[in-house]
1. What is the one condition in (1) more than 25 Å from residue 50 (Cα to Cα); (2) at pLDDT 95 or above that residue 293 does not satisfy?
2. Since residue 284 meets every condition but one in (1) surrounded by fewer than 21 Cβ atoms within 10 Å (Cβ to Cβ); (2) out of contact with any Asp or Glu (no Cβ under 8 Å at 6 or more places or on another chain); (3) within 14 Å of residue 239 (Cβ to Cβ), which condition does it not meet?
3. Scan the stretch 2-26 for residues that are within 29 Å of residue 261 (Cα to Cα) and among the hydrophobic types (A, V, I, L, M, F, W, C) and jot them down.
4. State whether one or more residues within the stretch 44-52 are in a loop (DSSP other than H, G, I, E, B), outside the structural domain of residue 236 (by TED's automatic domain parsing) and over 30 Å from residue 6 (Cα atoms).
5. Quick one: residue 291 ticks every box in (1) farther than 26 Å from residue 8 by Cα; (2) surrounded by fewer than 19 Cβ atoms within 10 Å (Cβ to Cβ); (3) not β-branched (Val, Ile, Thr) bar one, so which box is it?
6. Please go through the stretch 147-158 and give me each residue that is surrounded by 21 or more Cβ atoms within 10 Å (Cβ to Cβ) and part of a loop (DSSP other than H, G, I, E, B), ordered by number.
7. Cβ contacts < 6 Å: first residue without any contact (Cβ under 8 Å) to a residue 24 or more places away in the chain, restricted to the stretch 202-225; second residue part of a loop (DSSP other than H, G, I, E, B), any location; separation 6+ or different chain. Result?
8. Out of all the residues in the stretch 72-79, is one or more crowded, with 20+ Cβ neighbours inside 10 Å, at pLDDT below 95 and either touching a strand residue (DSSP E or B) at 6+ places or on another chain (Cβ under 6 Å) or more than 17 Å from residue 156 (Cα to Cα) (or both)?
Amino acid sequence: MKTPDFWHTDAFPARLLEPVGLLYGLATRRRLVKGGAGLRLPVPVIRVGNLTAGGAGKTPVAMTVMDILRSRGVNAHFLSRGHGGRLAGPVRVDPATHGAEDVGDEPLLLAARAPCWIARDRAAGARAAVAAGAKALVMDDGHQNPALAVDLSLVVVDGGYGFGNRRLIPAGPLREPIAPGLRRAEAVVILGEDSADIARWIPKGKPTLDAFLEPGPEAARLVGRKVVAFAGIGRPGKFFATLRQIGARVVAQHPFADHYPYAATDIQPILDEAYDLGALPVTTAKDAIRLPADQRPQVDVLGVHARFTEPDRLADLVDHVMEAVALAAPAPP
């Protein structure tokens, strides 16, 4: 679905839906309490989640965490719900045979980095990954899912959007109230400049990591070029703004709903428009995965990755977790 405009305002629809949001929050709290501590695995579990629906930047942060683990020789695997895919799992994502309609778009991005499992039952997915040799798990999303005991929980917050109007779904973007959600995290990642004053919500003493999304090397091709941009992500405006920041001339932009299942009839008018304007059609890496196969080569893709201002602080958190779990493991007979 498209992110409603009133999710970042105190407009009438937000106030009208607030009682429903309170019920949503109550249901989330009951689920977390009922879930207890969750399944404890013999390997470290690092969760990268958020408090809002869509668009915070979890996936690039999860990839950065994975890069740290793999650089240390750890055979870590990703674990995702597989939102938008038809398969319930547990199943290991195979980019050669699976499409976004099978496993979702984000798992396909993750699987290009490291082994990735999708499972609506996170505990079952975790068991399958461990049985396949995973020595650590990086969960993309799932901060409100109590199925697994987590050794390091990172909450990602978009610095420009923050918590929107600070109301619960459907009155606002929050999946749960801010205070308890941040308390359950070991650290908070603020992605981008903190223009939403997120820092004032973070509990005293809670580690805060600053990061930003950096465009990939393909950005050089777009500098000074006219582009027709389209995106079906949580907040497409972020992508359009990134294009302008790198120096692309956005002559038209088309926002779609998050995880939108593109059909050829959606894309062909955009390709035609770009041709008529002498522009390049451009989208995100996540969107490109959902494009019809014959149209995908006709679209330029701008990828991004998370760059931390103090990368050693994130690496230290990951190393500490790995060491702590290793020390707690029973000695071999």
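1. Going through the list (1) more than 25 Å from residue 50 (Cα to Cα); (2) at pLDDT 95 or above, residue 293 breaks only (2).
2. (1)
3. Hits for the stretch 2-26 are 6, 7, 14, 17, 20.
4. Yes: the stretch 44-52 contains one or more residues that are in a loop (DSSP other than H, G, I, E, B), outside the structural domain of residue 236 (by TED's automatic domain parsing) and over 30 Å from residue 6 (Cα atoms).
5. Exception for residue 291: condition (2).
6. Narrowing the stretch 147-158 to residues surrounded by 21 or more Cβ atoms within 10 Å (Cβ to Cβ): 148, 150-152, 154-158.
150, 151, listed by residue number.
7. 208/202
8. no
The values are calculated or read from the model by the stated rules, or taken from the named source; none is laboratory data. If you're wondering where the values come from, they're calculated on a predicted model, not measured in any experiment. Note that we place each Cβ from the backbone using ideal geometry, even for glycine, and neighbour counts take in every protein chain shown.
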